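Below is one structure, written out as structure tokens; the observations come after it.
The values are calculated or read from the model by the stated rules, or taken from the named source; none is laboratory data. What you see is a predicted model, and the numbers here were worked out from it, not measured in a lab. Cβ coordinates were reconstructed from backbone atoms using ideal geometry, including for glycine residues, and neighbour counts include every protein chain displayed. When the accessible area is computed, the model is the full protein with side chains, heavy atoms only, and any ligands, DNA or RNA have been set aside. Shrake-Rupley method; radii C 1.70, N 1.55, O 1.52, S 1.80 Å.
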Amino acid sequence: MDTDARNIGPVTNLPLPRFVSMKSRETNVRRGPSLTHRIDWVYKLQGMPLEIVAEYGHWRRVRDKDGFGGWVHYSMLSGARTVLVSVESLDLQIRPDPRSAVIARLQQGVVARLGDCLPDWCKLQVGSHRGWARKSALWGVAATEIRD
């Protein structure tokens, strides 16, 4: 990734954009980066992946899978990575191979904990189920992202 000033957060020196998850069960999304700004809506899904697109002091501008967002206090976010199933039905497989056994079938909107990622597959955990899924069916991980 290019690390020039446009791609690095001025507060954290971490890459922008980057994915995080929601730490709490309820998070206020504000119009601007302070408590005096109006709350536009409230996210209510603990663990939901969000994309940080800007930073200002203790505030992070986030975007959800539908492109909606606003400013949230950094204390409401976690570096723990999760993804959202973005297709109607997704097979969780024993290996990163389309011919491998299916462990579980995940429905659209399911939040999964993100593990290792190869070029086309990511390892996920949903409850007690652990397996591999096609990266292209997930929101919350960059298409070129490799994790190990």
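Give me the percent of the accessible area of the chain that comes from carbon and sulfur atoms, probe 1.4 Å, all protein chains in place.
On the way: 4330 of 8480 Å².
That fraction is 51 percent.
Quick one: net charge around Leu50, please, counting Lys, Arg +1 and Asp, Glu -1 for every other residue with C-beta under 12 Å from its C-beta.
On the way: positive: Arg18, Lys23, Arg60, Arg61, Arg63, Lys65, Arg81; negative: Glu51, Asp64, Asp66.
That sum, taken over residues with Cβ under 12 Å, equals +4.
By average Cβ neighbour count within 10 Å, what is the ranking of 71-82, 96-107, 45-56 from highest down?
Packing proxy ranking, top to bottom: 45-56, 71-82, 96-107.
Just need the relative contact order of the chain here, percent rounded to a whole number, with Cα pairs under 8 Å and 6+ apart.
Values: 350 pairs, mean separation 27.6, N = 148.
Taking the mean separation of contacting Cα pairs over the length of the chain, I get 19 percent.
Taking only C-alpha pairs under 8 Å that are 6+ residues apart, what is the relative contact order of region 46-105 in percent?
Computed over region 46-105, the figure is 22 percent.
Would you mind checking region 45-81 for residues with the amide N under 18 Å from a putative spin-label position 7 Å along Cα→C-beta of Arg31?
Of the residues in region 45-81, 60-62, 68-73 have backbone N under 18 Å from the label point off Arg31.
Can you pull a Stokes-Einstein diffusion coefficient for region 13-148 at 37 °C (0.692 mPa s), Rh from Kirkwood over Cα pairs, as a whole number of µm²/s?
Translational diffusion coefficient: 213 µm²/s.
How many Å² of accessible area per residue for the chain, probe 1.4 Å?
For the chain, the solvent-accessible area averages 57 Å² per residue.
For His58 and Arg105 in one chain, what is 0.36 nm times their gap in residues minus the Cα-Cα distance, to one decimal in nm?
Going from the current span to full extension adds 13.1 nm.
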